[in-house]
1. For a quick check: sort 157, 241, 79 by the number of other beta carbons within 10 angstrom, fewest at the front.
2. Pull up the cross-link candidates among the aspartates and glutamates for residue 325, meaning alpha carbon to alpha carbon under 12 Å and not fewer than 8 places away within one chain.
3. Please list 3J(HN,Hα) in residue order for the range 98-112, calculated via the Karplus relation 6.51 cos²θ - 1.76 cosθ + 1.60 where θ = phi - 60°; whole Hz, with x for glycine and proline.
4. I'd like the orientation of helix 83-92 relative to the chain: the angle between its Cα long axis and the longest Cα principal axis, in ° from 0 to 90, rounded to 10.
5. Return the distance in nm (one decimal) between the two label points of a simple spin-label model at residue 43 and residue 318, each offset 7 Å from Cα along Cα→Cβ.
6. Need one number: nm distance between label points at residue 254 and residue 85, each 7 Å from Cα along Cα→Cβ, rounded to one decimal.
7. In terms of the Cα gyration tensor, with a ≥ b ≥ c the square roots of its eigenvalues, is the range 93-176 rounded because a/c is under 1.5, prolate because a/b exceeds b/c, or oblate?
8. Please list the three semi-axes, largest first and in whole Å, of the ellipsoid equivalent to the range 146-243, using sqrt of 5 times the eigenvalues of its alpha carbon gyration tensor.
Amino acid sequence: MGWFHALQVVEGVCPSARLSDVVEPWFLGGGKASAGGTTFEKDVVVVWTPKGVAFHETIGDALFAGADGPTKIALVAGRTVDNPKLFRAAIKAGATHVLLEKPGAPTVAELEAMAAEAKAANVPVFMGFIKNIAAYVTDALAARAKDPGATVLLESRNDYTKETLAECFSRNSEGLLKNMAVHELALAAQFFGMRADNITSVDLDADGCECLTLGGHTDFSRVDFTLFNDQGTRVRIKADRCSGDGCRAVVAAADGTLLYTRDLVDEAKAKQVQARMKEHPDWLGYLITQEAEYAKLKELCAEHALKGTTPPNVATIEIGIEALKLAEYLTPVIKAKLGA
Ligand SMILES: NC(=O)c1ccc[n+]([C@@H]2O[C@H](COP(=O)([O-])OP(=O)(O)OC[C@H]3O[C@@H](n4cnc5c(N)ncnc54)[C@H](O)[C@@H]3O)[C@@H](O)[C@H]2O)c1
């Protein structure tokens, strides 16, 4: 993920940003001799160094030495478990803003501590929840605004198979709700006012839920639930690890009339996505399907950091905390309802 974010900046897709530094603790450190380390050296270090990018194994005083001005954004995209440490080091090294990849930290407690430290250092933190700025979601919110009684469904799909699911469970051991559906939970927190302490009921669609133990990890392979809060607001969230790559928002009136439905990759975007997949068959699918949203989020953050303003709709670390709180609340609730 970090490589892709950096690539977009190097390629000028985010005109308000310039890439000054890359910190790569693994491929410039313990993993240097691995296949990934060799590729990183050949395809990234050798190619980007002449473009003025400095490479570091760790975050230290040299970070930002080549920055153009006073605004220094640290984009933190290490493994979730490593991100709290990288986040702190980046602020210590002089970052004026942080763009923190979701979910930000493995637990609510860690993310709360990070938020407090960033606040004390006067460093705004933007979070990498790209769906919060994606058109398929903002247009769904506009459709719902015309009919506040309408139900919104937020759906997320991955293309793992039964064969690859165990590896997915082990690599994303924080679980489906914190790792995958945390995007939808962030939307629920930011745009629907859902909070772990204001949920009045969680309705499950049992057919849309499955909890499995694979390779010693117990997690959901799919979930389908509707949250209701004390304001009378509801939102339905579906996430499935094994049903093809995609995201969708659907808005339906109380009588079931369909008011809006749109996929992240709609018909207009499908041809472009297919062409990019042919150009880059080795890239992970979501880097291509969500390419425009990754660029848009970074550009919004860079543009507003330069102006000292708040990027519209971009999730703050406080929203990230609420999303993680929802995940920590819902995981045992859904497991209990499923008898898992
Ligand atoms: N916003 C999104 O849509 C989105 C999508 C994917 C990932 N993410 C987030 O981005 C962050 C990074 O995810 P990722 O998929 O790039 O993770 P990753 O594990 O592929 O890479 C992250 C870093 O881990 C280190 N690393 C790689 N292999 C290692 C190994 N074998 N041993 C030790 N360290 C190793 C490297 O320093 C690498 O830069 C996570 O927080 C994730 O949740 C966000």
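1. 79, 157, 241
2. Straight-distance partners of residue 325: 110, 112, 197.
3. The phi angles translate into 10, 10, 9, 5, 5, x, x, 7, x, 9, 4, 4, 5, 5, 5 Hz.
4. So the inclination is approximately 50 degrees.
5. For the pair residue 43/residue 318, the computed spacing is 4.1 nm.
6. Label at residue 254, label at residue 85, 5.4 nm between them.
7. In terms of gyration-tensor shape, oblate.
8. 27, 13, 11
Rule-based calculations on the coordinates, nothing more; no lab input. Only a predicted model underlies this, so the values are computations on that prediction, with no experimental measurement involved. Cβ coordinates were reconstructed from backbone atoms using ideal geometry, including for glycine residues, and neighbour counts include every protein chain displayed.
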